[in-house]
Structure formats: C-alpha cells, structure tokens
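Enquirer: Take this structure first; my questions come after.
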Amino acid sequence: MKLATFEVETPVGPVERIGAVAEATEDEDAPAGAATLVDLTAAYGAALEAEGEPAPADLARAQVPPEMIAFLERGDRAIEDAREALEYAAETDAERGPGGAKLRYEPDEYDLLAPLPRPNSLRDFMAIEEHVRNSMDGEIPDVWYELPVYYKGNADSVVAPGETIRWPDYSSIMDYELEIAAVIGTRGRDIDAEHAAEHIAGYTVFNDFSARDIQGEEMEGRLGPAKGKDFANGLGPYVVPAADIDVLEAPMTARVDGEVWSEGTVDEMYHSFADIIEHVSQSETLHPGDVIGSGTVGEGCGLELGTFLEDGNTVELEIEGIGTLEHTVVE
C-alpha cells in the first residue's frame, strides 16, 4: 500500500485529503502524479455505510482522518482501516460514499502533495560510512562511530513532488542527496532499540537538497548546517507502511536528466534506524509525524562524485517499492 496526501478543488476552495494508490495502478509502480488515488476516508465511509453504520461519514473521519499526522496518531488501527478501505474500493463499482464523497481521483483531478506536507519534526542523520568518508576526505571522527549524529531540518520547507526548486540567492553550488526516511507513527520516549520498529509507521523517499558553498562556510563555525539545508526538503511521493517494504534491501537510484548518477541501499547503514530511535528518544519524546532521514547512501550526492547540479536539471530519486520523487532545480 502506498499512502499519499493530495489536494482537490471544491466549491469552498482546495481541500487536503489522504489517499492510497489504487490497486489497478499500484502494481505498475506508476510515477508520481500518474496514479489513480482512492480517497481513504471516503472509501472507509462507504464501506461502513454498506454495513449499515448509521453515521458512516463521522465515524470514517474519526478512524481514517483525512490529514496524515492525525492518521498516524491512530497507529496500526489506521493502517488496518486504510487497507480495508482500499480493498472495498477495489471491489465496488460505486463512485460515491456518504454525503456524495468521491471515492477515486484520476491524475488530472488532484495535486499530489508531500505525504507529510508539514512534518511534526525533521531530523537527518549521517549513518552511512562510505558517504561520511567520502565527504570528509577519509577522516572520520571517533564520535561518529560512538553515536548517531544528526541535524534538525526545517519542517516548514518541505516541497511537493514535482515542485520546481528555486535555488537560494546566497548559493551557487546545487546538490541533491539520495536518502530514505522513516516516519514515526507511535509516540514513545526512552525506546529500546529492540522495540524501535514498533514506532515506525513507514518509509518515504527523502531528497536533502544542499547548498554546498554556504553549508561549508557555516559549518566551519562548528554549528549547522542551517542555511545550507533549510530552503528545500523533498519528501514523497508516498509513504509505504513498514510491513510492506524490506527497507534494507530496496534498491535506490538517483537520476539527473535521465542519467543515473547514484545507486545504493541503506543496508550500508552503520547506525540502524533502531539505534537511531533509541538514541533520539533518550529523555526526549518522539511523536507521530516525526521524520528521520537515513543520511546519504555512498556516492549518493554530487559532493562525492565531484559534479553538481546545473540550472534546469531534473533530479529523480527512486526507491523500489516506494516510487520516484522528482524535482527540477532553477537558479
């Protein structure tokens, strides 16, 4: 199942909804924006109505909320209900649910947003040794092996799949980073690594856009990165539930204008997501909607390859089983 956040036009303006890629297009691994989406709240309401529930719309909004963080707050129950809604939509010819709510949307009927348009928080780690070694000319500090290191990104700068990224005026060195991100679904504090998987709702593609020149300058002051990262964070196109993907084995590819620049998997992680969650949650609470980036795979960015993005380049990051996240960068 591939979960999406999308926006549709209504008589009172644009409305955000929660959806899933319809079974007819899911097997084709349709690119972002080319899939039929099932409105999960409407479909669940239709299923309840068919069972004789007297208030199907109200109950559907409570059990399958049409906003991703509220959906995640319901934990595994929401995922189970979403599966039921998707199955009902595949089995019925009905086009509308309670109150006339539309069950399915074709690609030209919606705008795809990031699955978490505004995450609760955004943390990005440096968990893959090859990337760290390449980025630091082979000199990895001992502390990197002792604990997972990370920075906190700007949760308000998440960009939608397909959105054009306007490069900040203060930078002239444009770079992408090929990453996967875990999405927290269950609240927790002081979580043991052995129980960490219980707190991950799913995974998505993460493009940690990087302004390399200003990033290098600000980190000489032993803080940051800040302006080198905070202008754009690509997430999407979908969140795939943890049970539906072998995240360590999923092939990852970065293409620039159709040419493969990077390939890898996150089985290279020195610090696992479980170790990361244990570390972050020490005396600190993780909440549904928190996003945790894996860090870049080895040779997963221009900095490691010795070449950078240029004005007008289109970057595609693909993770098998999740989808392809595409953005064009312009000066």
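Enquirer: Computed over the Cα atoms of segment 175-331, what is the ratio Rg over Rh, Rh following Kirkwood?
Expert: 0.98
Enquirer: How far apart, in nm, are the 7 Å Cα→Cβ label points at Asp192 and Ala55?
Expert: 4.1
Enquirer: Quick one: what are the phi-derived ³J(HN,Hα) couplings along segment 11-20, Karplus 6.51/-1.76/1.60 with θ = phi - 60°, whole Hz, x for glycine and proline?
Expert: Values per residue, Gly and Pro as x: x, 9, x, x, 10, 8, 9, 9, x, 9 Hz.
Enquirer: Work out how much length Asp93 to Glu16 would gain on full extension: take 0.36 nm times their residue separation and subtract the Cα-Cα distance, in nm to one decimal.
Expert: Roughly 25.3 nm would be gained on extension.
Enquirer: Something else: Taking the convex hull of the Cα atoms, report for the chain its projected area averaged over all directions, in nm².
Expert: Computed as one quarter of the Cα hull surface, the answer is 17.1 nm².
Enquirer: Here is a follow-up. Ignoring ligands, DNA and RNA, what accessible area per residue does the chain give at 1.4 Å, in Å²?
Expert: 43
Enquirer: With the chain treated as a Gaussian network of Cα nodes joined by springs under 10 Å, which of Phe209, Phe308, Phe71 yields the largest mean-square fluctuation?
Expert: Phe308
Enquirer: When ranked by the protection proxy of mean other Cβ atoms within 10 Å per residue, highest first, what sequence do the peptides 285-293, 102-110, 152-160 form?
Expert: Top of the packing list down: 285-293, 152-160, 102-110.
Enquirer: Also, quick follow-up: Charges at C-beta only: +1 for Lys and Arg, -1 for Asp and Glu. How large is the resulting dipole of the chain about its Cα centre, in Debye rounded to 20?
Expert: My answer is approximately 1100 debye.
Enquirer: Net charge within 14 Å of Ile214 by Cβ-Cβ distance, Lys/Arg positive one each and Asp/Glu negative one each, not counting Ile214 itself?
Expert: That sum, taken over residues with Cβ under 14 Å, equals -4.
Enquirer: May I ask you to order 180-192, 164-176 by the average number of other C-beta atoms within 10 Å around their residues, highest value first?
Expert: In descending order of packing, they fall as 180-192, 164-176.
Enquirer: Expressed as a whole number of Å, what is the distance separating the alpha-carbon centroids of segment 189-234 and segment 78-100?
Expert: The two parts, judged by their Cα centres, are 36 Å apart.
Enquirer: Which percent of the accessible area of the chain is formed by carbon and sulfur heavy atoms (probe 1.4 angstrom)?
Expert: Roughly 44 percent of what the probe reaches on the chain is carbon or sulfur.
Enquirer: Can you list the HN-Hα couplings for segment 82-96, worked out from phi with the Karplus curve (6.51, -1.76, 1.60; θ = phi - 60°), rounded to whole Hz and with x for Gly and Pro?
Expert: 5, 4, 5, 5, 5, 5, 5, 4, 6, 9, 9, 8, 4, 9, 10
Enquirer: Related question: Mind giving me the FRET efficiency for Ala34 and Glu249? R0 is 35 Å, r the Cβ-Cβ distance, nearest 0.05 is fine.
Expert: Plugging the Cβ-Cβ distance into 1/(1 + (r/R0)^6) gives 0.85.
Enquirer: Hey, any idea what the orientation-averaged projected area of the convex hull of segment 99-239's Cα atoms comes to, in nm²?
Expert: Convex hull of Cα atoms, orientation-averaged projection: 11.9 nm².
Enquirer: Could you work out the relative contact order of segment 226-331? I mean the mean sequence separation of Cα pairs under 8 Å and 6+ apart, divided by the number of residues, in percent.
Expert: Contact order relative to length: 34 percent.
Enquirer: Related question: Mean residue ellipticity at 222 nm from the helices of the chain, using -39,500 (n - 2.57) per DSSP H segment of n ≥ 4 over the full residue count, to the nearest 500 deg cm²/dmol?
Expert: About -6000 deg cm²/dmol.
Enquirer: Something else now. Full extension from Ile140 to Arg83: what is 0.36 nm times the residue separation minus their Cα-Cα distance, to one decimal in nm?
Expert: Gain in length upon complete extension: 16.1 nm.
Enquirer: Is there a quick way to get the dipole size of segment 228-331? I mean about its Cα centre, with the Cβ of Lys and Arg at +1 and of Asp and Glu at -1; what is the value in debye to the nearest 20?
Expert: For segment 228-331, the charge dipole is close to 260 debye.
Enquirer: Which residue, Ala22, Gln215, Pro119, has the largest displacement toward the positive end of the dipole of the chain when charges sit on each Cβ (Lys, Arg +1; Asp, Glu -1)?
Expert: Pro119
Enquirer: Roughly how tilted is helix 40-50, in degrees to the nearest 10 and between 0 and 90, from the longest Cα axis of the chain?
Expert: Orientation of helix 40-50: about 20 degrees from the principal axis.
Enquirer: Can you list the residues, at least 5 places off or on another chain, whose amide H is less than 5 Å from the amide H of Ile180, using H built in the peptide plane?
Expert: The list, which skips near neighbours in sequence, is Phe206, Ser294, Gly295.
Enquirer: Given a cut-off of 27 Å, what percent of all Cα-Cα pairs of segment 1-149 lie beyond it?
Expert: That fraction is 35 percent.
Enquirer: I want the local charge near Val291. Using Cβ-Cβ distances under 10 Å, sum +1 for each Lys or Arg and -1 for each Asp or Glu among the other residues.
Expert: Local charge sum for Val291: -1.
Enquirer: Just reorder Met126, Met219 by solvent-accessible area, largest first, 1.4 Å probe, all chains present.
Expert: Met219, Met126
Enquirer: Above 15 angstrom, tally the Cα pairs of segment 274-326 and express them as a % of all pairs, no decimals.
Expert: 68
The values are calculated or read from the model by the stated rules, or taken from the named source; none is laboratory data. Only a predicted model underlies this, so the values are computations on that prediction, with no experimental measurement involved. Note that each Cβ is placed from the backbone with ideal geometry, even for glycine, and that neighbours are counted across all protein chains shown. Each accessible area value is taken on the protein alone, full model and side chains, heavy atoms only, with ligands, DNA and RNA left out. Shrake-Rupley method; radii C 1.70, N 1.55, O 1.52, S 1.80 Å.
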